[in-house]
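Let me begin by presenting the structure, written as structure tokens, before commenting on it.
The values are calculated or read from the model by the stated rules, or taken from the named source; none is laboratory data. Small disclaimer: the values here were computed from a predicted structure and weren't measured. Cβ placement follows ideal geometry from the backbone for every residue including glycine, while neighbour counts extend to all protein chains displayed. Remember, those area values only see protein heavy atoms, side chains included, never the ligands or the DNA or RNA. Shrake-Rupley method; radii C 1.70, N 1.55, O 1.52, S 1.80 Å.
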Amino acid sequence: MDVSMFDFDLPEELIAQKPNPERSASRLMVLHRDTGEVEHKRFPDLLDYLQPGDVLVLNDTRVRPSRLIGVKEETGAKIELLLLKPLGNDRWEALVKPAKRVKQGTVITFGDGRLTAVCEGESEVAGGRLFRLQYDSDDVESLLEELGQMPLPPYIREQLDDPERYQTVFSRVVGSAAAPTAGLHFTPALLERIEEKGVHIAYITLHVGLGTFRPVTAEKVEDHQMHAEYYEVSEETAEIIRRARAEGGRIFAVGTTTVRTLETVASRFGEIRATSGWTDIFIYPGFRFRAVDAMVTNFHLPKSTLIMLVSAFASREQVLAAYREAVRERYRFFSFGDAMLIV
């Protein structure tokens, strides 16, 4: 299957650069898989498609402020690090810019020396390096809160006035290199209304990693390799989903990260169980879904693994037709853009 089959034309001005002033003020396109029909709604209208006994599953990961701007100790040259994941014993995998200036033994300092990163070599990914961090604090996470910036995607050219707008209101477990952006549309008030309708709300954790920043460079979809990401499903969440399934409730997954987590677990066990681990599941057309009945998602990049996943849940033809309509109707795209519900 050619990657070019998932391309589409997107005017640059439709790429949202700032979040809406109100989280739930975004638009909601509803795509019906059985007919291909498209409806144009507002995000709070999601409530109309949920029924008592359904489960809304959210990813409660919290974005680490992992973008660090420092200087090369030897030359004073500016170096940017994007911490991707901890490897234990203060060792981290990170993306580096410019990578060619950082070799084994390179020392980079941040915050007037409060944090130091010593390069231990290259990682398995292009532009990636392995570092050992040294710092003057008992807790590296609190130091990153002071020194780090939000790791916004490259198509967003400005830093946020309020970094919390790149966090979901239910974010809890620090560890992501990017936000699970479908969850950004929810407010506490909307979640309360959903629960009042008799819908169960459950949480999984998947820490978004390198795959978010890596385009598909292979010509064939099947040749692309996903980067593994860590996930957790609690016993409480597993029980909520199993009970709802037994009683005829539907599972609404918020975001591709939630879809990937639930489908990883269902593929492994045949049902949703409490578990944790690493997943590099790659979902594209032909995949058999076992866990998810409906999906809330944003509008994704052309030729990305995310649009491939969405095209597996609906069909490629339906999704690309919906995207063409979204362009005509001037929907906002990508992380701070509008949303789509696929039922």
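Per residue, what accessible area does the stretch 199-343 have, given a 1.4 Å probe and all protein chains present, in Å²? Each step should come with its number before you reach the end.
Numbers: 5700 Å² over 145 residues.
Heavy-atom accessible area per residue stands at 39 Å².
From the cross-link list K197/K303; K41/K220; K18/K97, which pairs have alpha carbons spaced over 27 Å apart? Working shown, then result.
Values: K197/K303 38 Å; K41/K220 35 Å; K18/K97 24 Å.
Cα-Cα > 27 Å for K197/K303; K41/K220; rest within.
Using the Karplus curve 6.51 cos²θ - 1.76 cosθ + 1.60 with θ = phi - 60°, what ³J(HN,Hα) values do you get for each residue of the stretch 229-246, in whole Hz, with x for Gly and Pro?
10, 8, 9, 9, 10, 7, 5, 4, 5, 4, 5, 4, 5, 4, 5, 4, 4, 5
Setting aside same-chain residues fewer than 8 positions from K78, which aspartates and glutamates have a Cα under 16 Å from its Cα?
Hits, sequence-local ones excluded: D112.
Per residue, what accessible area does the stretch 5-141 have, given a 1.4 Å probe and all protein chains present, in Å²? Kindly include the intermediate steps, with their values, before the conclusion.
Numbers: 6650 Å² over 137 residues.
Roughly 49 Å² per residue, with all protein chains present.
Considering only P65, P44, P21, give the residue with the highest GNM mean-square fluctuation for the chain, with springs between Cα atoms whenever their separation is below 10 Å.
Among P65, P44, P21, the largest GNM mean-square fluctuation belongs to P21.
Please build a GNM for the chain, connecting alpha carbons under 10 Å apart, and tell me which residue among M29, M226, M308 fluctuates the most.
M226
Can you give me the % of accessible surface on the stretch 238-343 that is carbon or sulfur? Probe 1.4 Å, all protein chains present, nothing else counted.
On the way: 1720 of 3790 Å².
For the stretch 238-343, the apolar C and S fraction of the accessible surface comes to 45 percent.
If you filter the stretch 5-94 for GluC sites (Glu not before Pro), then keep DSSP loop positions with at most 16 other Cβ within 10 Å, what is left?
Numbers: sites: E12, E13, E22, E37, E39, E73, E74, E80, E93; in loops: E22, E37, E73, E74.
Those satisfying the criteria are E22, E37, E73, E74.
Between rounded, prolate and oblate, where does the stretch 161-208 land on the alpha carbon gyration tensor, with a ≥ b ≥ c its root eigenvalues, rounded for a/c under 1.5, else prolate if a/b exceeds b/c? If you can, show how the numbers build up before the last one.
Values: a/c = 2.90, a/b = 1.57, b/c = 1.85.
Oblate, because a/c is 1.5 or more while a/b does not exceed b/c.
Taking the alpha-carbon centroid of each part, what is the distance from the stretch 101-142 to the stretch 220-293 in angstrom?
Answer, in whole Å: 34.
Most fluctuating residue of L83, L144, L28 in a GNM of the chain with Cα springs under 10 Å: which is it?
Comparing L83, L144, L28 in a Gaussian network model of the chain, the most mobile one is L144.
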